[in-house]
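Below you'll find the structure I mean.
Computed from the coordinates by the stated procedures, all read-outs in this text should not be read as laboratory data. A quick note: this is a predicted structure, and the numbers were derived from the prediction, not measured. In this analysis, Cβ positions are derived from the backbone assuming ideal geometry, glycine residues included, and neighbour counts consider all displayed protein chains.
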Amino acid sequence: MSKAYVNDERHPDLPPPASTVGAVGWMREHLFSSPANILMTVVSIGLLAYVVPPMVSWLFTSAVWSGGADACRANPDAACWTFVGARFDQFVYGFYEKTERWRVDIMLILLFAGIAALVYEKTPGRKWIGMFMLIGYPILSWIMLLGGDWGTPNISLYNVIVVLLPIVGIALLSYDRLPSARTIGIVLTAFYLLAIALLLGLTAAGKTELWIGSTVIYSLVRLDTIIITLIPFLGLFALTKSGEMERRGTIGIAMLVVFAILVLGFFFDLPAPSSLDMTLVDRVVVVSMVEVPTKQWGGFMLTLVIALTGIVASLPLGVLLALGRRSNMPAIRVLCVVFIEFWRGVPLITVLFMASVMLPLFLPPGVSFDQLLRALIGVALFSAAYMAEVVRGGLQAIPKGQYEGADSLGLTYWQKMRLIILPQALKIVIPGIVNTFIGLFKDTTLVLIIGLFDLLGAVQASIADPNWNAKSVAYTGYVFTAFVFWVCCYGMSQYSRYLERKLHTGHKR
Amino acid sequence: MTLGSEAAPAKSSIINDPQIRAIFYQIVALIAVLWFGWSIWDNTQTNMEARGIASGFGFLESTAGFGIIQTAGLEYSEESTYGQAFLVSLINTIIIAFTGVVAATILGFIMGVARLSHNWLIQKLATAYIETFRNIPLLLQIFFWYHAVLKPLPSPRSIYERGEEIAFGINNRGAYMPDPVFGDGSNLIWIGLIVGIIATIVIDKWAVKRQMNTGEQFPVFYTGLGLIIGLPILGYLMATVFMGSSPVTFEYAVMKGFQLDGGFVIIPEFIALFIALSVYTAAFIAENVRSGIQAVSHGQTEAAHALGLRNGPTLRLIVIPQALRVIIPPLTSQYLNLTKNSSLATAIAYPDLVSVFAGTVLNQTGQAVEIIAITMAVYLSLSVGTSIFMNWYNAKMALVER
Amino acid sequence: MKFKTLLAAGAAIAFSTTMASAATLDDVKAAGKIKCGVSQGLPGFSNPDDEGNWSGLDVAFCRAMAAAVLGDSNAVEFTPLSAKVRFTALQSGEIDVLSRNTTWTATRDNSLGLEFVGVNYYDGQGFMVRKDLGVKSATELSGAAVCTNTGTTTELNVADYFRAQGMDYTVVAFEKADEVVAAYDAGRCDVYTTDRSGLAAQRVKLADPEAHVVLPEIISKEPLGPAVRHGDNQWGDIARWTLNAMINAEELGITSANVDEMKGSDNPSIKRLLGTEGSVGADLGLGADWAYNIVKQVGNYGEVYDATVGPNTPLKLDRGVNALWTQGGILYAAPVR
């Protein structure tokens, strides 16, 4: 018997061919897999060799990093970074009052802290931080940046009627269960209790003014007036609490009728009863700081103000417009379509032109408001139209069953949207929303055309300085601006990619 | 809503009836909008009257008195009217928008495909391109390209002799090329072109029908190319024979004291704006193309490979047609954006609608309301026109389902 | 109290608008500042420094108005405007006065809803070329490419001039002056044309100012002056007499240094101007010391000229025709009487 020769051990795997492993293998697969690929690789390498070295030289190795304008004049073929250094403050703050720049610093730090907290997913109370950044932060930054006296207006009975009647009336007619009326009641009651406490405290202390540091909090609230304004709200509060809401329709209509009479009075120019003019609450100033008019705002700070206002305002507006566009009411639908298509169809610079120099023509003589505010409104409406289209995409992607399911549960329209549809729809379109934000952020440069000094405007104004007439100064300024914008936009787009991946639950290749 | 009378609503007031409410809201909305529109109209009228601002559209008939650097082949001189200046600037806007759209689409598709390339270097380069140009404001890019175009180009005086004739040349006053002049008999060329196009369309229809019926293919592309190029050449030859001389002559640019005169010029402002707009928009289109291609299920590619198709045909016949359905809607918005962004031309002196009409003309006449209204209406119609065309194309490309 | 006023007040609170009446003077007094439209940066005329403080000849006029109306030459809000938007901004009420080296022409005065109140700088359009072109006169410029600003009289004048001379040209018109200069510097054009004062101002910004030369021809009359909205005569009078007061002050030898001393002068003209006699201020709706404030806080025309565009500034512009009529110029202000 011949000896059987069986290998009872597994032969070790042969190493893969040398050409498929390591750097060589990687290059073969990724760079030189076919003649066409080889050609493209070679061309690309040639392109890089042509572009990169001079760029590195211009930007870094031969750039001027120290010295003044003369150093840049001596070396015109390289970046002049000392220029950016010398004008950095102007690039950030524009012409903002020097002594008040700490206010901007605080808001910037708060902004970056807020964004960092939102991006990091394990932050406790992210939802509340998000709410603050969307609602509280813009209001706070407006107050902080503008300064001046902030507080309530001088409230007369007439102001209460004109502002509150239609709002409360429509709210009563619209909300079937008015879930928030109670909250409103509690907040208002708390506010008035606080005001009374403050008043009593101050009276007891024999003071009419209260100072905290350089901030004055002075109260001239009269007790009787507090009680007068308190009555309707207490009534509302009581109504909600007792569940007596069947009457809300009647109350709402009554409120609208009173409002309509007032409006008619306005048209026919009737004399108003003098009691309407009675002051209920004197102006209460809560914060008092040096006022920095918006004309002096500029630089990166202004860019952020415009972009953030646009972002914060365009989202809710866009959602409303998108809902309107998909509404069952033909008139509302048509209005929304016309509005959206109008803003999407015209160039932003014509909008800004209208807002900045033509608006007073459209308003009654003498009425005007802040130029920056007008540009902000223009930008916000413009991006709201884009946002509406993005949100509409999300609404359309929600299966019909979701709508029907919500209807069959007996939810009202707003409940359906708020609780069922919008949370799903907005989640789908987060990348689209972020892309709109990026577009908005870049579009802020156009305010330069209407004479606001945003980052690009501040850079251009500095470039025009005859003391810095070196050739490289302009290019350096533009490269710097481009870099700042790039960092912000790239950051946002990477975050949107990340969200896209995170929310993408389908199968990947 | 309810099935029988027994389910009659218990206690329903009018204000709870959704239909009545809907009507009420719509009426309120309409009244508010109408009132808003009317008060703006009324205020504007009052204000303009009070300030003695001229109104009406009569200004379109007055003499403009200023020159425009690019007249788009139209007759325009300083003696022309504002109306003609409007036309010239409108055509200039359409030219930049159209050429920009075409270039951005081509570059965008190339870059979108390159972004998914198996070649590592190409893929990274495409990514770098997209991420760079997408994230920098267009206005900056326009400034950049303008100076990037102007700076390296020589001045005409430094490279040409006085009186020298130049066929093709580029300097910091523009790119020059011969300007064709169509003389007698050149009609035949145009007729050839038109016939070629019509014949190609007819052949295409016929070929599709035949392929549906018999499965046989017909090389429509090459036939069409031959007809569209061949017939005009035939016309040219016929005209040459009949007339005894060539119907098309070329006018060359001649060096005068300061710069070249004559010829067909493409001004540097156009070149810079064209590059800036197409490079910027292509970066967005590339991203749309990428996501469109990725939206096509991988199974489609595998199936195509299983059928024996190679990479090229797979991409062209299987992936791209399906990806287009995803790509077209965002592509439409990019086209609209490009058209509107062309208004930034005003920053670098390209004589577009905003620069000339809403700029110079507005300033000379002071009739801001009329001029801005016309300008907005033009951009709106351009947008609506583009949208209609793209929607039609989209409907054509849409998946035909059961 | 009428409903209309009440509603307007309510709206003002609700939308934080500012209320004002039709008369510009009342608006300005209520706001406590004058809204003044200036250029986006033209050294010598209106230019911001790196702190955002504006200075220049046009700026000084606005400051003088603020001194006359509000008694404080710093109560001015400057709005930088491009040539393109300046008239619309004034028409709409976005600004109260336009002081932006603007040429006074018939069309602008009559159909644009503007009212020019005088001339604060007599100018004329000129050409600047590179020295190495070897051009000595504008008549040699046939076929040249010309850089200029959109929406200016220069754009029209250059068209007229070349047509009248039977010369070809191509015009490249930019929106911002800085862009015109940058393009000219980059070699896009052979010629840069604007008002000669503007040429002097912009030349400072060029990379190598000595390599350029201004040609001798002056192809147009460019009376540059401030303008206000048409239809508000009182405001127009205030603007007109602010300018006249500055020129008269120079003629009478009143400067910011000696104005206090001059207040005690016996010269009736000086007394009328400085408000110690007569009621010129009250007639304008201003205080009696309106002109005193102008001279004290801003200076007379000559002082302002010397400090902003004169021979001792980077612009190095001689008084020339802008000298007083008594000194060979054409500056001739109506008397305060």
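For the stretch B:300-394, run through the trypsin sites (Lys or Arg not before Pro) and keep only the ones in DSSP coil with at most 12 other Cβ atoms within 10 Å of their Cβ.
Numbers: sites: B:310, B:316, B:325, B:340; in loops: B:310.
Of the trypsin sites (Lys or Arg not before Pro), the ones in loops of the stretch B:300-394 whose Cβ has at most 12 other Cβ atoms within 10 Å are B:310.
Here's a follow-up. What average count of beta carbons from other chains do you get within 10 Å of the Cβ of residues in B:344-357? It would help to have the intermediate numbers written out before the result.
Values: counts 6, 1, 11, 8, 7, 14, 1, 4, 0, 2, 7, 6, 2, 0.
Counting other chains' Cβ atoms within 10 Å and averaging over B:344-357 gives 5.
Report the FRET efficiency, 1/(1 + (r/R0)^6), for residue A:55 and residue B:181, where r is their Cβ-Cβ distance and R0 is 35 Å, rounded to 0.05.
Numbers: r = 45 Å, r/R0 = 1.28.
The formula returns an efficiency of 0.20 here.
What are the chymotrypsin sites (Phe, Trp or Tyr not before Pro) within the stretch B:93-177 that DSSP puts in a loop, where the Cβ has at most 15 other Cβ atoms within 10 Å? The partial results should precede the final answer.
Numbers: sites: B:98, B:109, B:120, B:129, B:133, B:143, B:144, B:145, B:146, B:160, B:168, B:176; in loops: B:160, B:168.
Counting only loop positions with at most 15 other Cβ atoms within 10 Å, the chymotrypsin sites (Phe, Trp or Tyr not before Pro) in the stretch B:93-177 are B:168.
Also, quick follow-up: Points 7 angstrom from Cα along the Cβ direction at residue B:377 and residue A:149: gap in nanometres?
4.9 nm
Cross-link partners among lysines for residue C:176, C-alpha distance below 17 Å, same-chain residues fewer than 8 apart left out?
Answer for residue C:176, where 17 Å is the Cα cut-off: C:84, C:205, listed by chain and number.
Now for a different question. Averaged over its residues, how many other protein chain Cβ atoms are within 10 Å of peptide A:33-41's Cβ atoms? List each step's numbers first, then the result.
Details: counts 2, 3, 0, 3, 6, 1, 0, 6, 4.
Mean partner-chain Cβ count within 10 Å for A:33-41: 3.
Determine the sum of side-chain charges near residue C:25: Lys and Arg each +1, Asp and Glu each -1, restricted to other residues whose C-beta is under 14 angstrom from that of residue C:25. List each step's numbers first, then the result.
Values: positive: C:29, C:33, C:35, C:229, C:240; negative: C:26, C:27, C:96, C:232, C:237, C:283.
Cβ neighbours under 14 Å give a net charge of -1.
Let me ask something additional. Taking Cα pairs under 8 Å and at least six residues apart, what relative contact order does chain C come out at, in percent? Walk me through the numbers before you get to the answer.
Numbers: 632 pairs, mean separation 68.6, N = 337.
It comes to 20 percent, rounded to a whole number.
Within 10 Å of each Cβ of C:203-209, how many other protein chain Cβ atoms are there on average? Walk me through the numbers on the way to the answer.
On the way: counts 1, 3, 6, 2, 7, 2, 2.
Taking all residues of C:203-209 together, the mean is 3.
Once the Cβ-Cβ distance between residue C:109 and residue B:148 is put in as r, and R0 is 56 Å, what FRET efficiency do you end up with, to the nearest 0.05? Please report the intermediate quantities before stating the final value.
Numbers: r = 43 Å, r/R0 = 0.77.
Given R0 = 56 Å and the Cβ-Cβ separation, E is 0.80.
Let me check against my output: what whole-number percent is the relative contact order of chain B, with C-alpha pairs under 8 Å and at least 6 apart?
Values: 468 pairs, mean separation 84.7, N = 402.
For chain B, the relative contact order is 21 percent.
List, in the order given, every pair from A:127/B:124; C:221/C:316; A:122/A:502 whose Cα-Cα distance in the structure shown is over 25 Å.
On the way: A:127/B:124 37 Å; C:221/C:316 21 Å; A:122/A:502 15 Å.
Beyond 25 Å: A:127/B:124.
With +1 on the Cβ of every Lys and Arg and -1 on the Cβ of every Asp and Glu, and nothing else charged, how large is the dipole of chain B about its Cα centre, in debye rounded to the nearest 20?
Working: 21 positive and 24 negative charges, 305 e Å.
Once rounded to the nearest 20, the dipole reads 1460 debye.
Still on this structure, I have one more. Which value in deg cm²/dmol, rounded to the nearest 500, describes the helix-derived mean residue ellipticity at 222 nm for the protein assembly as shown, given -39,500 (n - 2.57) per DSSP H run of n ≥ 4 and division by the residue count? It would help to have the intermediate numbers written out before the result.
Values: 48 runs with 693 residues, N = 1248.
Taken over the protein assembly as shown, the calculation gives -18000 deg cm²/dmol.
Here is a further query. Can you tell me which lysines have their Cα less than 16 Å from the Cα of residue C:263? Leave out same-chain residues fewer than eight positions away.
By straight Cα distance, residue C:263 reaches C:271, C:296.
Can you grab the distance from the C-alpha centre of the stretch A:357-412 to the C-alpha centre of the stretch A:50-101, Å, no decimals?
Rounded to whole Å, the Cα centres lie 41 Å apart.
May I pose another question? Relative contact order of the stretch B:126-279: what whole-number percent is it, with Cα pairs under 8 angstrom and at least 6 residues apart? Provide the component values of the computation, followed by the final result.
On the way: 207 pairs, mean separation 57.0, N = 154.
Contact order relative to length: 37 percent.
Run down the aspartates and glutamates and flag those whose C-alpha is under 14 Å from the C-alpha of residue C:131, throwing out any fewer than 8 positions away in its chain.
Answer for residue C:131, where 14 Å is the Cα cut-off: C:140, C:185, C:190, C:208, C:210, listed by chain and number.
May I ask for the distance between the Cα centers of the stretch B:267-309 and the stretch B:167-231, given as a whole number of Å?
26 Å
Report, in whole Å, the centroid distance computed from the Cα atoms of the stretch A:461-485 and the stretch C:201-244.
Rounded to whole Å, the Cα centres lie 28 Å apart.
For the residue pair residue A:14 and residue A:490, what label-to-label distance in nm results when each label sits 7 Å from Cα along the Cα-to-beta-carbon direction?
4.6 nm
Moving to a separate point now. Let me spell out the model: positive unit charges on the Cβ of Lys and Arg, negative unit charges on the Cβ of Asp and Glu, origin at the Cα centre of the protein assembly as shown. What dipole size does that give, in debye rounded to 20? Walk me through the intermediate numbers first.
Numbers: 87 positive and 95 negative charges, 938 e Å.
Result for the protein assembly as shown is approximately 4500 debye, rounded to the nearest 20.
Please compute the modelled spin-label separation between residue B:264 and residue B:212, points set 7 Å along Cα→Cβ, answer in nm with one decimal.
Calculated label separation equals 3.9 nm.
Rounded to the nearest 0.05, what FRET efficiency is calculated for residue A:105 and residue B:102 with R0 set to 35 Å and r the Cβ-Cβ distance?
After rounding, the FRET efficiency stands at 0.15.
Scan chain B and hand back the longest stretch that contains none of the GluC sites (Glu not before Pro) lying in DSSP loops with at most 13 other Cβ atoms within 10 Å.
No qualifying site falls inside B:217-400, the longest such stretch.
Pull the list of chain C cysteines that no other Cys approaches to under 4.7 Å, Cβ to Cβ.
none
So which trypsin sites (Lys or Arg not before Pro) in the stretch A:351-419 are both in a DSSP loop and have at most 16 other Cβ atoms within 10 Å of their Cβ?
Working: sites: A:374, A:392, A:400, A:416, A:418; in loops: none.
Passing sites in the stretch A:351-419 do not exist.
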